[in-house]
Structures are given as C-alpha cells and as structure tokens.
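Enquirer: Below you'll find the structure I mean.
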Amino acid sequence: MKLKRVTAVLLAGVMAMGLVACGSGSDTAADTTTSTSTATDTADDSESSDLLGSADATIHLKVGTTTAPDGHYVLGLVEMQKKLEEYSNGEMTLDIYPNSALGGESDMMDAVSMGTQDMVLSSTGPIPDFSSATDNWATLDLPYLFETAEDAYKVLDGEIGQSLLDEFQGSGIKAIGFWENGFRELTNNTKEVATPADLAGMKIRTMENAVHMATYTALGATPTAMAWGEIFSALQQGTVDGQENPLAIILTAKVYEVQKYITMIDLFYSPCVLMINEDIYNNFTDEQKEAFDKAAEDGKVAERQISQELASSARATMEAEGVVFTDVNKDEWVAAVQSVYDDASLKIDQDLLAKIKAETGK
Ligand code: EAX
C-alpha cells in the first residue's frame, strides 16, 4: 500500500473508531491478567475514547503515549491494534491514550513496571535513568550517533538492539522493540539559529536525559529538562526559549504554532520503544504471545513508514504556515559536541559505542 495511503487509511481508522469506542469499557487487561491496572478509570476523556479497541475483545491492553492522536506513534499503535484484533481472532486489543493522558514518559514507564499501566510507547529519553541495568542506554542518546535512519534500524533491529531490550528483564517491563521518534530538530520563537554560537544564553527544553542536557550545554545553551506535557506552558511563560523534537512531533503537536524558527540540526536520532508489563506478557498463552509479537512487528513497520512520511512532508506544511526553516553546516555542530563522547559522568558504554560504530561503518 502506497505510503500516503497508509497514513490516510490509518487516519480514517482513527476517526471511525470514534463510533466504536463509546460502547467499549469491557475489562482491561488488568482484570483478565495479573496486572491491577486502574488508570483507565481515571484517564477517560473524549479524545482518548476515540482510540479504544473493539468492545468485543476480552483483553484490553491500555497503552499510553505523550504524542498527538494524528501523530506517528498513535497511528502506528492503531495499526498494531487492528492487527492484534485480527491475529487474536478478536480476543485482544489496545486501548490507546495519547497526549500524556496517562502521564509523562518517565512516570508511564514506572507505572508499567509496577503493573498499574499495561503498556507505553516511549522515547528512549527516560530509559538511562530507569534502572542501573539500563543506564548504558545513554549511549544511544549521543549526538550524531546515527547519520541515517537506515543506520539506526540496522543497529536497533539486530543483536545490539536485542541485547539492549533484554536488559529490561526482571525490571517489571518487557521491552518489545524499537519504533521511531525521528531526528530531533531545534525550535525557538526569537531568531534564526544557524550556528552553535547563536544558541548562547538560550534556554532549551530537553527530555529528562543527561546526555541531551550535556549536549546542549556543550553547544552553549542552557538546557531545562521537563516532561513533554509541560512544554506549552513553559514556552508561553518563557521558562524556556525553545525545544527540540522530530518534525513529526513539531507538526502534530502543533509546536510550530508557538515556535517561528526551526533549525535542521538532526542532532539526535531518537528511537521510541514499545514496552509492556512483564507479568502481563508472561501470562499470555503461546497463541496470545504470537499474536501480540506479530502485531507489534507490523505496528513497528507501519509506524516507521508514517514517521518518514510525516517528516518528509512536514517542512512544506509548516513553511506554508510561516515557519522559518534554517539549514546548517552540520560539520560545525558535530565538532561542537564531540566533548560529550568523552564525558565520564554520562555512563557512555564505550564497548557498546564501538560495536555501534563497527555495525554502521562510521
Ligand atoms: O516521545 O519528550 C519528548 O520530547 C519526546 O520526543 C516526546 O515525548 C515523544
């Protein structure tokens, strides 16, 4: 199916679900498996109810994201939801909660590990701080680690990526696979930023991630870490001057409506990871596990396609709305952040870094 049609079909699916969701409300996964999920009771809102799975399903897996209903994360989850219902003969489905309805990414990871939430699709931002077993994930957050998405897929879909996912074992979370957030670009509402020197004194919101904060410090900015749900009030109150995210997020979260300037620095390749409570997954029957794993793989493929599609069309869409894009001399930015690679306080796994570079040939 052509890429643009994938997005259009999925968007139509999201709209159609508004007719289905109201009747839904059957037991969540919590009541049919070991988890004691109660967040559904508190997070119900009109937008979320558009994304609830088929009322006929007996297992509803509640999944949260911080992103918009028409963004790549949610559209990928909608594809997974449809395939999960198909592969499980209607027994299993996803109830999708966008726009931080279930909290920020760090909080949702904690909730999934404790069993008060079933699933989360989260960027890798909060992962290094999640546990000592996953602190080497900081290596994935290094600036300019991957030059292309294809390089990232080669590493993340292979042995290196699987060994990182396996580090969650016993944490309460089963990490299923790497989906895509995208290359992170810089936005601000003050001026065109073309070189690192232009960032001097600017307060930039970053994820709650030490490597990202150290990188913006190396660039001469003042990083301020906060959950994604706080960004609009922070921008409006002037707590921060700018933020950084992939174009698909900047577009679908409507950040461009309050940020006039976008600088195409491609500073970080940002994956996101599909995670499920470990007990819920381990209590699936073999048939349920097979249905879930296949649907998750289909969701990943669709979500990456939608991410690429949104990223390729977002610039023209936002330029038409008056956003000013600045392309940069990337060599200057690469040189400015090399010190981050040697910062011993950042738990960079040098062995892992060497394996990644060998895999990508960089
Ligand atoms: O995962 O917090 C962020 O900037 C993330 O990119 C966003 O929540 C999507």
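The values are calculated or read from the model by the stated rules, or taken from the named source; none is laboratory data. Not measured: the values here are computed from a predicted model. Cβ sites come from the backbone with ideal geometry, for glycine too, and all protein chains shown count toward neighbours. Please note that ligands, DNA and RNA were not included when accessible areas were found on the heavy atoms of the full protein model with its side chains. Shrake-Rupley method; radii C 1.70, N 1.55, O 1.52, S 1.80 Å.
Enquirer: Hey, can you tell me all the residues within the range 343-357 that are under 18 Å from A214 (Cβ atoms) and of a type in the set (D, E, K, R)?
Expert: Of everything in the range 343-357, those that are under 18 Å from A214 (Cβ atoms) and of a type in the set (D, E, K, R) turn out to be D343, K347, D349.
For every residue, the table says whether it meets (1) modelled with pLDDT under 95; (2) open to solvent by 30 Å² or more (accessible area, probe 1.4 Å).
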{"residue": "E287", "(1), (2)": "no, yes"}
{"residue": "A295", "(1), (2)": "no, no"}
{"residue": "R304", "(1), (2)": "no, no"}
{"residue": "V334", "(1), (2)": "no, yes"}
{"residue": "V337", "(1), (2)": "no, no"}
{"residue": "S345", "(1), (2)": "yes, yes"}
{"residue": "G361", "(1), (2)": "yes, yes"}
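Enquirer: Return a yes/no flag: does the range 174-190 have any residue that is touching a residue at least 24 places away in the same chain (Cβ under 8 Å), within 16 Å of the ligand (Cβ to nearest atom) and more than 23 Å from the chain's Cα centre (by Cα).
Expert: No, because not a single residue in the range 174-190 is touching a residue at least 24 places away in the same chain (Cβ under 8 Å), within 16 Å of the ligand (Cβ to nearest atom) and more than 23 Å from the chain's Cα centre (by Cα).
Enquirer: Now, a different point. What residue, of D298, D279, is assigned to a helix (DSSP H, G or I) and touching an Asp or Glu at 6+ places or on another chain (Cβ under 9 Å)?
Expert: Numbers: D279 fails: touching an Asp or Glu at 6+ places or on another chain (Cβ under 9 Å).
Result of the check over D298, D279: D298.
Enquirer: How many of the residues making up the range 333-344 are out of contact with any helix residue (DSSP H, G or I) (no Cβ under 7 Å at 6 or more places or on another chain) and either closer than 28 Å to V255 by Cα or touching a residue at least 24 places away in the same chain (Cβ under 8 Å) (or both)?
Expert: Total meeting the criteria: 2.
Enquirer: Here's another thing I want to ask about it. Any residue in the range 223-251 that is closer than 22 Å to L102 by Cα and modelled with pLDDT of 95 or more sitting within a Cβ distance under 7 Å of a residue that is in a helix (DSSP H, G or I) and among the aromatic types (F, W, Y)? List the pairs, counting only those 6 or more apart or interchain.
Expert: Note: pairs meeting the criteria are I250/Y256.
Enquirer: Can you name every one of the strands (runs of 3 or more DSSP E) wholly within the range 139-257 that holds 2 or more residues which are open to solvent by 10 Å² or more (accessible area, probe 1.4 Å), out of contact with any Pro (no Cβ under 6 Å at 6 or more places or on another chain) and closer than 25 Å to G64 by Cα?
Expert: Once the strands (runs of 3 or more DSSP E) in the range 139-257 are filtered for at least 2 residues that are open to solvent by 10 Å² or more (accessible area, probe 1.4 Å), out of contact with any Pro (no Cβ under 6 Å at 6 or more places or on another chain) and closer than 25 Å to G64 by Cα, what remains is 173-183, 222-225.
Enquirer: Check G90, G103, G115, G64 and return the single one that is buried (at least 22 other Cβ atoms within 10 Å of the Cβ) and of a type outside the set (S, T, Y).
Expert: Values: G90 fails: buried (at least 22 other Cβ atoms within 10 Å of the Cβ); G103 fails: buried (at least 22 other Cβ atoms within 10 Å of the Cβ); G115 fails: buried (at least 22 other Cβ atoms within 10 Å of the Cβ).
Of the residues listed, the single one that is buried (at least 22 other Cβ atoms within 10 Å of the Cβ) and of a type outside the set (S, T, Y) is G64.
Enquirer: Hey, another quick one. Looking only at residues that are among the hydroxyl-bearing types (S, T, Y) and assigned to a helix (DSSP H, G or I) in the range 125-138, which one is surrounded by the most Cβ atoms within 10 Å (Cβ to Cβ)? Please lay out each step first, then the result.
Expert: Step one: list which residues in the range 125-138 are among the hydroxyl-bearing types (S, T, Y), which gives 131-132, 134.
In the following step, the residues that additionally are assigned to a helix (DSSP H, G or I) were identified as 132, 134.
Values: S132: 10, T134: 22.
Among them, the one singled out is T134.
Enquirer: Tally up the residues in the range 258-272 that are open to solvent by 10 Å² or more (accessible area, probe 1.4 Å) and within 11 Å of T187 (Cβ to Cβ), please.
Expert: Count: 4.
Enquirer: So which residues in the range 306-317 are surrounded by fewer than 22 Cβ atoms within 10 Å (Cβ to Cβ) and either over 16 Å from the mean Cα position of the chain (by Cα) or acidic (D, E) (or both), if there are any at all?
Expert: We begin by selecting, within the range 306-317, every residue surrounded by fewer than 22 Cβ atoms within 10 Å (Cβ to Cβ); these are 308-309, 311-313, 315-317.
Matches in the range 306-317: E309, S312, S313, R315, A316, T317.
Enquirer: Another question, if that's okay. Taking D95 and the conditions (1) more than 13 Å from the ligand (Cβ to nearest atom); (2) of a type in the set (D, E); (3) within 16 Å of the chain's Cα centre (by Cα), which numbered condition does it fall short on, given that it satisfies the others?
Expert: (3)
Enquirer: Let me ask something additional. I'd like to check something: does the range 264-286 contain any residue that is out of contact with any strand residue (DSSP E or B) (no Cβ under 8 Å at 6 or more places or on another chain), of a type in the set (V, I, T) and away from the ligand (no atom under 12 Å from the Cβ)?
Expert: Yes.
Enquirer: Picking from A55, A111, A138, which residue would you name as being at pLDDT below 95, of a type outside the set (K, R) and more than 14 Å from the ligand (Cβ to nearest atom)?
Expert: Details: A111 fails: at pLDDT below 95; A138 fails: at pLDDT below 95.
Answer to the selection: A55.
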